[in-house]
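The block underneath contains the structure these notes are about, expressed in structure tokens.
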Amino acid sequence: MKRMKFLYILGMVAASFLFSVSLTTAADMMMMEHTTGMFSGAKVNGGTATISHKDGKNILTASDDFVPPTTPDPHWQVVDSKGNVYQLQKLNIKGDKYNKSIVIPTYVPDVAKVQVWCAFAETLLGEASFKEPVMLNMMK
């Protein structure tokens, strides 16, 4: 009887341990950051973009070495794994300021590429790709 009780308690301890490890792993996955390769293009060459998760939102952030283009009406744009393009916020705000971090809308399922798009000239100014598409729904 003591042996069965011991095995029962041992099994419960093991199950509790595995459960806590799985929760920690899930929390770690939500805290992960995903960074693109370097931007390359006609007007944007250098810097990277990172997707992170904060306060229930997916955040796209340019690296400190990213230099916004001096073209009219540049915008952030993302491309999902199926090739769908989502034009997002305007990059330049006022003067030398720009939207370094933006919230990716919840209707974007994943992100394979980050682009800088000139809405005025309808021209791609530069893009950076992730090694693998970043699944945004898994980051929620």
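The values are calculated or read from the model by the stated rules, or taken from the named source; none is laboratory data. Remember, it's a predicted structure, so these values are computed and weren't measured experimentally. No Cβ is skipped: glycine too gets one built from the backbone with ideal geometry, and neighbour counts run over all protein chains shown.
Every listed requirement among (1) surrounded by fewer than 16 Cβ atoms within 10 Å (Cβ to Cβ); (2) at pLDDT below 95 is met by His53 save one, (1). Applying the condition of being buried (at least 17 other Cβ atoms within 10 Å of the Cβ) and polar (S, T, N, Q) to the range 90-116 and asking which residue is modelled with the lowest pLDDT yields Asn92.
Here the strands (runs of 3 or more DSSP E) wholly within the range 66-140 that include at least 3 residues being touching a residue at least 24 places away in the same chain (Cβ under 8 Å) and small (Gly, Ala, Ser) are 123-135. Taking the range 12-46 as the range and being modelled with pLDDT of 90 or more, over 18 Å from Cys118 (Cα atoms) and not in a strand (DSSP E or B) as the test, the residues that pass are Glu33, Thr36, Gly37, Met38.
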